[in-house]
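Right, one structure below, let's go through it.
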Amino acid sequence: MDRRTVFSGRLLPHLLLAPQLLLTVFFFYWPAATAVWSSLTAEDAFGQGWIFVGLDNFQDLLTDPLYLQSALRTVVFCVAVSVLAMAVALLLAVFADRVIAGRGLYRTLLIWPYAVAPATSAALFVFVLHPRFGLLGRWLNTHGFDWDYTLNGVQAMGVVIAASAWKQVSYNFIFFLAGLQSIPRAVIEAARMDGAKGWLRFRTITFPLLTPTTVFLLVVNLVYAAFDSFGTIYALTQGGPSKDTETLVIKVFRDGYINHDIGGSSAQSVLLMLAVIAVTAVQFRFMGRRTLS
Amino acid sequence: MRRRTLLAAAPLSLAAAPLSLAPLGLSASAARAGEKITIIWWHAMTAALAEEVKRIADGFNASQAEVEIQPVYKGSYGDLLTALIAASRAGEAPHLAQVFEVGTGTMLGAGKAVKQVWELAKETGLQIDPKAYIPAVRGYYSLADGRMASMPFNSSTGVMWINKDAFRRAGLNPDKAPATWQEVRAACDAIKAKSAAPIPMTTSWFTWIQLEQYSALHNLPYATKENGFEGLDTQLVFNGKAQVKQIQRLLDMAKDGTFKYSGRDGAPDPVILSGDAAISFGSSAARGNLVKSAKFEWAEAALPYDPEVIKTPENSIIGGASLWTMTAPKRTPAEYKAVAIFLRYIGTPDLDATWAQNTGYVPVTHAGFEALKKQGYYDKNVGADIPVEQLARGKMTANTRGLRLGRLPEIRAIIQEEMEKALQGGQNAQALLDNAVERGNKVLKDFAKSAKA
């Protein structure tokens with residue numbers, strides 16, 4: 001099965017590779033290298049001058065309790081978003097898999113939120129949950145429940161987790177549905193003939209067979225929650241109240257974009273880059289092994 | 001790295017430009033060519049204010065044939081400053097930029113990227129008399145020795161807004177606004193007892209009004225080295241006894257249900273406009289919006305003070321923005337002269353008066369204020385003179401000149417974060433301000449480090 005195309009010269013393959021290599025260099029290696037360099041310097045906002053400070057920026061970060069709190073908060077947030085988004089998506093997918101009448105409509109509606117821009121989805125949540133002008137938020141307050149996510153950190157975390165998970169459910173749904181449909185009917189039929197009822201059948205047959213999908217989605221969701229949730233969180237709470245919803249990406253944005261602390265925010269970016277490299281490496285190892293087996 | 005070489009070229013080209021003391025007016029060659037010099041002006045004004053900016057530009061363009069000013073909206077103040085920094089680093093800064101007052105420290109650290117007003121005046125012969133400006137405005141935008149760094153443009157100050165309807169419902173005299181914090185608190189208790197308004201008291205611009213303005217009014221230092229005017233190695237000191245007392249008062253009122261914290265910065269403005277609050281604090285520049293959209297009877301009043309801290313309150317400090325002249329590698333002396341011509345136009349009392357009248361900002365020059373008085377503007381708009389008088393009263397001290405701190409927006413965010421933590425019951429006022437001072441000082445230290453770089 002080993003088919004290879006062998007080029008006779010060296011020029012053509014290099015030429016064919018060049019566009020992709022150039023894109024990678026300009027849009028990944030160059031910015032990444034600049035970030036690494038910036039993280040080793042202290043620089044004024046207008047770039048009038050800079051001094052080399054070695055690992056000072058990293059030392060400041062790693063000894064800053066607020067940074068460590070933010071990192072911990074990010075972990076909690078990512079796990080919560082991933083678990084919630086995947087659990088809901090799996091539940092919906094299992095049901096969608098059984099629907100016969102109107103399945104097209106049902107699926108379209110479930111996939112819809114994926115197309116909504118983060119800021120827009122955040123605005124939708126504000127209209128529902130805001131303590132003063134949100135439909136549900138107002139109702140809660142008039143019915144004796146002290147609801148104000150703009151001032152209550154725990155409620156705020158709940159809101160950003162829900163909003164971020166909501167956006168990701170659609171994506172997970174598509175993959176779970178595809179995963180469910182690729183499970184051979186014969187296996188399910190056999191389990192049914194052996195007398196395995198709904199939950200038992202799901203737990204012992206369906207879910208284990210979905211493992212590759214689940215693992216893939218877990219990695220994707222963790223990365224999504226860590227990075228792509230920025231728009232949703234920023235539009236909902238800007239990281240507040242206090243620092244209760246400030247995840248690492250929100251902090252990078254605030255320190256770099258608003259506070260103009262270029263060295264410090266570059267150092268944070270470099271640490272985040274290392275985290276992504278680690279997650280991706282794990283994914284490749286794990287996924288690679290799964291496809292081989 | 002290419003960026004840096006471009007920037008390295010900037011000072012050279014500047015040095016090459018001869019210092020000129022020639023009277024204003026462009027060189028004959030430019031005029032002969034019949035080409036107008038275009039000046040780009042980045043601003044952050046929206047809605048009615050943006051129209052007013054356009055009116056100024058149109059008026060200026062029609063008034064002379066040499067210079068064409070082009071106002072460009074660049075988003076919020078924060079967005080504009082970030083875009084400005086990026087453009088400046090790329091060597092493509094606009095000629096003029098409107099930068100909010102808290103960005104002043106950052107802009108003063110911009111070195112060769114900006115041309116301060118006094119430098120521009122020296123090079124182009126622009127006549128600008130700092131004494132024409134009211135001291136609270138002049139002080140904020142000048143160097144410690146009095147030389148003006150940026151051109152005052154839109155200035156406001158903090159005021160108290162009274163919902164007269166709510167006062168009536170609470171059985172309070174709607175024509176007598178509380179003058180002290182003790183009276184404010186008593187009024188709020190009455191409003192709550194009678195359920196005269198959903199929110200007895202709220203505040204916009206929490207840090208600016210309840211801490212920065214409060215410190216100025218009560219002649220308390222905000223930071224060492226004359227609030228940062230005397231050097232970069234400044235330290236925050238707003239955790240003094242009187243400030244702790246004020247913040248604790250707000251925390252206690254929040255507990256009683258008489259004070260509602262409605263969000264950071266200007267986020268509570270809609271609450272003020274809706275009339276839900278009986279007493280609110282905000283920028284005097286909100287007046288235009290209140291006139292246009294408030295569905296309740298309101299009044300403007302001076303910020304209250306605490307007679308246990310000071311007998312007569314000092315002047316308040318300003319907010320708003322000023323115009324900074326930016327440099328770029330290939331900018332010609334003629335372009336700087338064109339900027340100077342426009343700044344001269346902006347500084348005329350008539351324009352100042354019209355701008356203040358149409359927007360709700362305060363007039364920044366003495367002459368502009370007098371012109372408005374003469375036109376009878378303040379007779380027709382009761383209370384509109386309160387911010388000007390609040391800014392101009394007393395003798396300015398080192399504590400009431402304003403703040404000169406790098407990364408001030410970040411320090412404001414820190415204070416608001418600590419306040420939000422306290423409101424959740426996490427700490428008292430002393431701990432809140434101590435933490436904010438400690439975290440803020442780290443920010444100032446980082447700023448000093450990067451500014452020296």
If one takes the longest principal axis of the Cα atoms in chain B, at what angle in degrees, from 0 to 90 and to the nearest 10, does the Cα axis of helix B:241-256 lie?
-> 60
In sequence order, what are the phi-derived ³J(HN,Hα) couplings for region B:350-358 according to the Karplus relation 6.51 cos²θ - 1.76 cosθ + 1.60 with θ = phi - 60°, rounded to whole Hz, with x for glycine and proline?
-> 4, 5, 4, 5, 5, 4, 4, 5, 7
Take peptide B:106-119, look around each residue's Cβ out to 10 angstrom, count Cβ atoms belonging to other protein chains, and average those counts.
-> 2
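Show B:M201, A:M157 ordered by accessible area, largest first, where the area counts protein heavy atoms only and the probe is 1.4 Å.
Ranked from most to least accessible, the order is A:M157, B:M201.
Mind checking which helices in chain A clear 15 Å along their axis (Cα) and have mean Kyte-Doolittle hydropathy of 0.0 or more, DSSP H runs only? Mind dumping the intermediate values first?
Details: long enough: A:11-24 (19 Å, 1.54); A:65-98 (50 Å, 1.69); A:118-129 (16 Å, 1.99); A:153-181 (41 Å, 1.03); A:211-223 (18 Å, 1.83); A:262-292 (44 Å, 1.04).
Those that pass (Cα extent of 15 Å or more, hydropathy at least 0.0) are A:11-24, A:65-98, A:118-129, A:153-181, A:211-223, A:262-292.
Please state the relative contact order of chain B as a whole percent: Cα pairs under 8 Å, 6+ residues apart? Mind dumping the intermediate values first?
Values: 814 pairs, mean separation 114.7, N = 453.
About 25 percent, as a whole number.
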Once all Cα-Cα distances of region A:57-287 are split into 10 Å bins that start at 0, what whole-number percent is in each one?
-> 7, 27, 30, 22, 11, 3, 0
Tilt of helix B:47-63 relative to the longest C-alpha principal axis of chain B, in degrees (0 to 90, nearest 10)?
-> 30
Around A:T41, which amide H atoms from residues at least 5 apart in sequence, or from another chain, sit under 5 Å from its own amide H, with H modelled in the peptide plane?
-> A:V53
How large is the dipole of region A:148-293 about the Cα centre if only Lys and Arg carry +1 and Asp and Glu carry -1, each at its Cβ, rounded to the nearest 20 debye?
-> 700
Counting other Cβ atoms within 10 Å, which trypsin sites (Lys or Arg not before Pro) in region A:151-256 have at most 15 and lie in a DSSP loop?
-> A:K197
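Sort A:D146, B:D145, B:D352, A:D64 from largest to smallest accessible area, using a 1.4 Å probe on the heavy atoms of the protein chains.
Details: A:D146 125, B:D145 100, B:D352 5, A:D64 30 Å².
Largest to smallest exposure gives the sequence A:D146, B:D145, A:D64, B:D352.
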Once the whole set of protein chains is in place, how much accessible area is left on A:L140, using a 1.4 Å probe, in Å² to the nearest 10?
-> 40
Over all residues in B:418-428, what is the mean tally of Cβ atoms on other chains that come within 10 Å of each residue's Cβ?
-> 3
For B:V237, residues with placed amide H under 5 Å, excluding near neighbours | B:A223, B:T224
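Chains B and A: buried accessible surface, both sides, probe 1.4 Å, rounded to 100 Å²? Before the final figure, lay out the partial values.
Working: alone 19230 and 18060 Å², together 34370 Å².
Counting protein atoms only, the buried area is about 2900 Å².
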Hey, what do the phi angles of region B:300-312 turn into as Karplus ³J(HN,Hα) couplings, whole Hz, using 6.51/-1.76/1.60 and θ = phi - 60°, x for Gly and Pro?
-> 9, 9, 5, 5, x, 9, 10, x, 6, 9, 8, 6, 10
Can you give me the Cα centroid spacing of region B:203-269 and region B:300-378 in angstrom?
-> 24
Amide H to amide H under 5 Å from B:V114: which residues, 5+ apart in sequence or cross-chain, H placed 1.01 Å off N in plane?
-> B:T327
Sorting A:R73, A:R138 on solvent-accessible surface, 1.4 Å probe, most exposed first, gives A:R138, A:R73
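Averaged over peptide B:228-239, how many Cβ atoms belonging to another chain are found within 10 Å of each residue's Cβ? Before the final figure, lay out each step's value.
Values: counts 0, 0, 0, 0, 0, 0, 0, 0, 0, 0, 0, 0.
Across B:228-239, the average partner-chain Cβ count within 10 Å equals 0.
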Of the listed pairs B:K225/B:K311; A:K251/B:K241; A:K167/B:K442; B:K36/B:K374, those with alpha carbons more than 27 Å apart are A:K251/B:K241; A:K167/B:K442; B:K36/B:K374
Which of the residue pairs B:K131/B:K337; B:K292/B:K380; B:K192/B:K292; B:K74/B:K292; B:K164/B:K192 have a Cα-Cα distance greater than 18 Å in the structure shown?
-> B:K131/B:K337; B:K192/B:K292; B:K74/B:K292
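Name the chymotrypsin sites (Phe, Trp or Tyr not before Pro) in region A:32-86 that are in a loop by DSSP and that have at most 11 other C-beta atoms within 10 Å, would you? Please list the in-between numbers first.
Numbers: sites: A:W37, A:F46, A:W50, A:F52, A:F58, A:Y67, A:F77; in loops: A:F46.
Counting only loop positions with at most 11 other Cβ atoms within 10 Å, none of the chymotrypsin sites (Phe, Trp or Tyr not before Pro) in region A:32-86 qualifies.
Have a look at the DSSP beta bridges in the protein assembly as shown and tell me what percent are antiparallel, nearest 5. Provide the component values of the computation, followed by the final result.
Details: 29 of 45 bridges.
Close to 65 percent.
The values are calculated or read from the model by the stated rules, or taken from the named source; none is laboratory data. Only a predicted model underlies this, so the values are computations on that prediction, with no experimental measurement involved. In this analysis, Cβ positions are derived from the backbone assuming ideal geometry, glycine residues included, and neighbour counts consider all displayed protein chains. The accessibility values were calculated without ligands, DNA or RNA, using every heavy atom of the protein model including side chains. Shrake-Rupley method; radii C 1.70, N 1.55, O 1.52, S 1.80 Å.
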